[in-house]
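Contents: one structure, followed by commentary.
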C-alpha cells in the first residue's frame, strides 16, 4: 500500500487568526490530479481531556453550553494545552479549574489522537485521574460549568447512546472502561 502524500501544495495564505486558531487556504493539486483549494484550521494549543475516576467507580462529568454547536454538552473536563506546557500539567490545571478536583494518581489513556483531521490539525491527549480530593473550582470567564457524578458504566452508556457527543469524552470514557 502506498502511504505517500498524494497532495501537492501550490501556495498557502493565511485567512484569519486569533489567540486560539489560525485559518489558511491552500491552492492544491488534489489526488485526482485536478486543481483545488483546501482550508486548514491550525490550533494554537493541544487538547487535553481527563476522566476523573472516584474510588467508588463513579466519574465527574462537566456540562456547559457549547457556542459552536449551539447546544448544551456533557463532557469530561478538558481544555487547551499551550505547546510549551507539559500535557500532564495542563490536565491537572483543567481538572482543578472545571471541577475543583485534585488527583494523586494519573495515567495516560492511549496515545495522541486527531480530533477532526479533515479540516483541523488539532491533536489531543487523554488522561485517567484517580485518588481524587475535592476543592474549589475556578472556571474561566468563557465557562459556566455544572458538574454531575455518575457511575462510569452510566457515562459509557451516555456516550454510546449519543447523550455525550464530544469526541474527546466519548473516546476517553470508552478507554477508561477497558
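Rule-based calculations on the coordinates, nothing more; no lab input. Just so it is clear, the model here is predicted, and its values are computed rather than measured. Backbone-built Cβ (ideal geometry, glycine too); neighbour counts: all protein chains shown.
I'd like the full set of residues that are more than 19 Å from residue 20 (Cα to Cα), in a strand (DSSP E or B) and touching a residue at least 60 places away in the same chain (Cβ under 8 Å), limited to segment 34-61. Give the steps one after another, and end with the answer.
First, pick out the residues of segment 34-61 that are more than 19 Å from residue 20 (Cα to Cα): 34-38, 50-61.
Imposing the further condition that a residue be in a strand (DSSP E or B) reduces the set to 35-38, 50-53, 58-61.
50, 51, 52, 53, 58, 59, 60, 61, listed by residue number.
With respect to the numbered conditions (1) surrounded by fewer than 20 Cβ atoms within 10 Å (Cβ to Cβ); (2) more than 16 Å from residue 45 (Cα to Cα); (3) touching a residue at least 24 places away in the same chain (Cβ under 8 Å), which one is the sole condition not fulfilled by residue 88?
(2)
For residues in segment 62-79 being touching a helix residue (DSSP H, G or I) at 6+ places or on another chain (Cβ under 6 Å) and in a strand (DSSP E or B), which is farthest from residue 127 (Cα to Cα)?
Pass one, segment 62-79, residues touching a helix residue (DSSP H, G or I) at 6+ places or on another chain (Cβ under 6 Å): 62, 75-79.
From the residues that got through so far, the ones that are in a strand (DSSP E or B) too are 62, 75, 78-79.
Details: 62: 15, 75: 14, 78: 10, 79: 12 Å.
Checking each candidate, the answer is 62.
In segment 31-43, how many are surrounded by 13 or more Cβ atoms within 10 Å (Cβ to Cβ) and farther than 15 Å from residue 119 by Cα?
Counting residues in segment 31-43 that are surrounded by 13 or more Cβ atoms within 10 Å (Cβ to Cβ) and farther than 15 Å from residue 119 by Cα gives 0.
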